[in-house]
């Protein structure tokens, strides 16, 4: 997975330079969610069991971290289940990560719609702009990728 990210991010780094530090593509540290639980289940430390995301004691932050971990593990159904269990489905973080999952699944139209919705709520969402730029770059649109980088810089995202 790491080499796949590098293959997409490296060309953007070459055209963008060091300002792309906004892109934190460091994979999350595996937890019981990906080392013990299967399918769409997540680890609930309160019960010491794997449970469906809606049945856990996890708060929105914990569900978001589980979604991120599952997505990086390629378990997109699980990531979507964790995102769906979050209380605010219109939160910019939820929309951004739904876009991430859709992009990783190859559904660019859906990903772009989620990124646009996230950016409509929070134009300074550097992560959504970074992911949008990566998607545009992967589709061969270097100019649109560079435009997202320019937006990140213009909005104060340099060295973030």
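The values are calculated or read from the model by the stated rules, or taken from the named source; none is laboratory data. The model shown is predicted, which means the values in this text are computed figures rather than measured ones. Positions of Cβ are backbone-derived with ideal geometry, glycine not excepted, and every protein chain shown enters the neighbour counts.
When region 59-85 is limited to residues that are out of contact with any helix residue (DSSP H, G or I) (no Cβ under 7 Å at 6 or more places or on another chain) and free of Cβ contacts under 8 Å to residues at least 24 places away in the same chain, the one that is nearest to residue 43 (Cα to Cα) turns out to be 62.
Please specify each residue of region 139-159 satisfying the condition of being in contact (Cβ under 8 Å) with a residue 24 or more places away in the chain and not in a helix (DSSP H, G or I). If the condition is that a residue be in contact (Cβ under 8 Å) with a residue 24 or more places away in the chain and not in a helix (DSSP H, G or I), then 139, 155, 156, 157, 158, 159 are the ones that fit.
Can you tell me how many residues within region 113-125 are surrounded by fewer than 21 Cβ atoms within 10 Å (Cβ to Cβ) and under 13 Å from residue 148 (Cα atoms)? Show your work before the answer.
From region 113-125, those surrounded by fewer than 21 Cβ atoms within 10 Å (Cβ to Cβ) are 113, 116-117, 119-124; that's our starting set.
Filter again for under 13 Å from residue 148 (Cα atoms), leaving 116, 119, 123-124.
Qualifying residue count, region 113-125: 4.
Just one of the numbered conditions (1) touching a residue at least 24 places away in the same chain (Cβ under 8 Å); (2) over 27 Å from residue 32 (Cβ atoms); (3) surrounded by fewer than 22 Cβ atoms within 10 Å (Cβ to Cβ) is not true of residue 136: (1). Restricting attention to region 29-39, does a residue exist that is surrounded by 17 or more Cβ atoms within 10 Å (Cβ to Cβ), within 12 Å of the chain's Cα centre (by Cα) and at pLDDT 95 or above? No - not one qualifying residue is present in region 29-39. Identify all residues within region 53-77 that are crowded, with 20+ Cβ neighbours inside 10 Å and in contact with a strand residue (DSSP E or B) (Cβ under 6 Å, 6 or more places away or on another chain); write none if there are none. Across region 53-77, the qualifying residues are 53, 56, 66.
Residues in region 65-95 that are within 13 Å of residue 31 (Cβ to Cβ) and assigned to a helix (DSSP H, G or I): 9 in all. Scanning region 44-58 for residues that are part of a helix (DSSP H, G or I) and in contact with a helix residue (DSSP H, G or I) (Cβ under 7 Å, 6 or more places away or on another chain) returns a single hit, 53.
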